[in-house]
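J.: Attaching a single structure in structure tokens format; questions to follow.
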Amino acid sequence: MTPSSDSPQPLVELVSYLFTRREAILNNWRQACEQDEVLNRISSLSREEFNNLLPVILNILEQRLLNKPQEADPGTTATSHGLHRWQKAYALPETLRELNLLTQILFAEIQSFQEIFPKTDTRLLLQAQQTMVQLMTETIEGSVQKYDEFQRLEAANRFSTLQQALDQIQSLSRQRGDLLRTSSHDLKSSFGIINSAASVLRMEGLSDQEREQFMDMLNRNLTHVQSMLGSLMDLSRLEAGEESLHIQSFDAAKLLKELVTGVQPMAAERGLVLRADGPDSLPVESDPVKIQRIVQNLLLNAIQYTPTGFISVSWSNEVDMHWMFSIQDSGPGLQSSLTSLLAKQLRPTIDSTSSMGPGESQPVPVLPSSDHEITGEALLQEQTNGLIHGEGVGLQIVKRLCELLKANLDIETRADRGTLFRIRLPSH
């Protein structure tokens, strides 16, 4: 090491002393950090990772004491050190504490040099301490600057994420409002029919056959209202997170066959052909009660809204430890009000890989609302045409149950051809 001509000899000796003590300084610094209760990540760092660019900072200190050109900019070096500590998941207070401990170690070394060479001019030693403090201040500021930059970036990312979450919540709120308005309309229509049927039943001159028809209508709509209110309660529990999973091993094929057998009389009464196909045994681990609720919702919807034709239920094993079941009907397809409400959530699709084949999905026309009182033959005709629909709540329940089971829900629908619901679930 060749000092410049204007470097006092004691500073040259101090630089030589500090250079000879370089390894001890770094080792003492690490030991002090390891003994600090706040710094608990040191043991996970190798020697090279811990030292990082601090040897360069010590070189800059020597060069400043000797009035030599600096090999690197201390601010840039400190910024790189701050980046390294950030990547190692250090908090800013931890990095500052580390650097403060190094400053204390350097102070101690200068004091040791003074004890070894007591005749050294104290003004020169004070100058060396001031130079060291200035350099360590720049090092700390550079590290803080990098942390500040990353914290601003992280805050911006957090804001963006929160904004996206807020937008999603607002979108879900609007969708929930649409769903509730649809459900309210369904309930209002059912109550309208109940009220009209009750009014007609009070009229004189009805034949026994007509009276029986209106009584049946009254009972059906009361059952519909009860079912709708029960579905809304189920949906509210699911959205409130009050449902929990009860995982157990069971035979999915057996469960599906039992559910299909249970609704065969209902399908036969409506003149529908209900078929079930799949392997005789399909052992899985899941929540059988939640599976049952999904299948019942989809099956009852298919039976209720398929005027004529067929309903097919199938199940099978899939690759990568998954299994699936599907329910397909030959009904009119999903209503346009449902496809617009659930498009972002349930994503009904028709594409070249769908089971229904390529083609445009034609939404079912939105049925006109009726706020006036319906009586007599018009009431019977509306009930016969099946204008009272309540699919939306049932599909939302199915969607929420699928989310709870970590299942994928696919929908394919085509006007006047029918709808296919496909559920994929993990086998274990």
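We did not get these values from a lab; they are worked out from the coordinates using the rules stated. As the structure is a computational prediction, the values presented were derived from the model and not from experiment. Note that we place each Cβ from the backbone using ideal geometry, even for glycine, and neighbour counts take in every protein chain shown.
J.: Give me the net charge of Val295's neighbourhood, meaning all other residues with Cβ under 12 Å from the Cβ of Val295; Lys, Arg count +1, Asp, Glu -1.
T.: On the way: positive: Lys257, Lys290, Arg293; negative: Glu258.
Combined, the nearby Lys, Arg, Asp and Glu give +2.
J.: How much FRET efficiency would the formula 1/(1 + (r/R0)^6) give for Ala108 and Asn157, where r is the Cβ-Cβ distance and R0 is 41 Å, rounded to 0.05?
T.: Numbers: r = 42 Å, r/R0 = 1.01.
The formula returns an efficiency of 0.50 here.
J.: Oh, and also: Taking 7 Å along the Cα-to-C-beta vector as the label spot, tell me the Leu201-Phe310 distance in nanometres, rounded to one decimal.
T.: The answer from the label model is 4.0 nm.
J.: If I stretch the segment between Lys406 and Ser44 completely, what's the gain in nm (0.36 nm per residue apart, minus their alpha carbon distance), one decimal?
T.: Numbers: separation 362, 0.36 × 362 = 130.32 nm, distance 3.63 nm.
Once the chain is fully extended between Lys406 and Ser44, it gains 126.7 nm.
J.: Looking at this model, which pairs from Lys146/Lys406; Lys254/Lys406; Lys68/Lys146; Lys254/Lys399 are more than 32 angstrom apart at the alpha-carbon?
T.: Numbers: Lys146/Lys406 41 Å; Lys254/Lys406 22 Å; Lys68/Lys146 27 Å; Lys254/Lys399 23 Å.
Long pairs (Cα-Cα over 32 Å): Lys146/Lys406.
J.: Still on this model: Calculate one ³J(HN,Hα) per residue across segment 51-64 by plugging θ = phi - 60° into the Karplus curve 6.51 cos²θ - 1.76 cosθ + 1.60, and present them in order as whole Hz with x for glycine and proline.
T.: Rounded to whole hertz, the list is 5, 6, 9, 5, x, 5, 4, 5, 4, 5, 4, 4, 5, 6.
J.: Turning to a different aspect of this structure: Between Gln164 and Phe117, what is the spin-label point distance in nm, taking each point 7 Å from the Cα along the Cα→C-beta axis?
T.: 6.1 nm
J.: Considering only the other residues whose Cβ falls under 15 Å of the Cβ of Ile116, what net charge follows from Lys and Arg at +1 and Asp and Glu at -1? Intermediate values should be presented prior to the final figure.
T.: On the way: positive: Arg21, Lys119; negative: Glu13, Glu109, Glu115, Asp121.
Neighbour charge sum, excluding Ile116 itself: -2.
J.: Now for a separate question. Around Thr95, under 14 Å between beta carbons, what's the net of Lys plus Arg minus Asp minus Glu among the other residues?
T.: Details: positive: Arg41, Arg85, Lys88, Arg97, Lys146; negative: Asp36, Glu49, Glu94, Glu98, Glu141, Asp148, Glu149.
Net charge around Thr95: -2.
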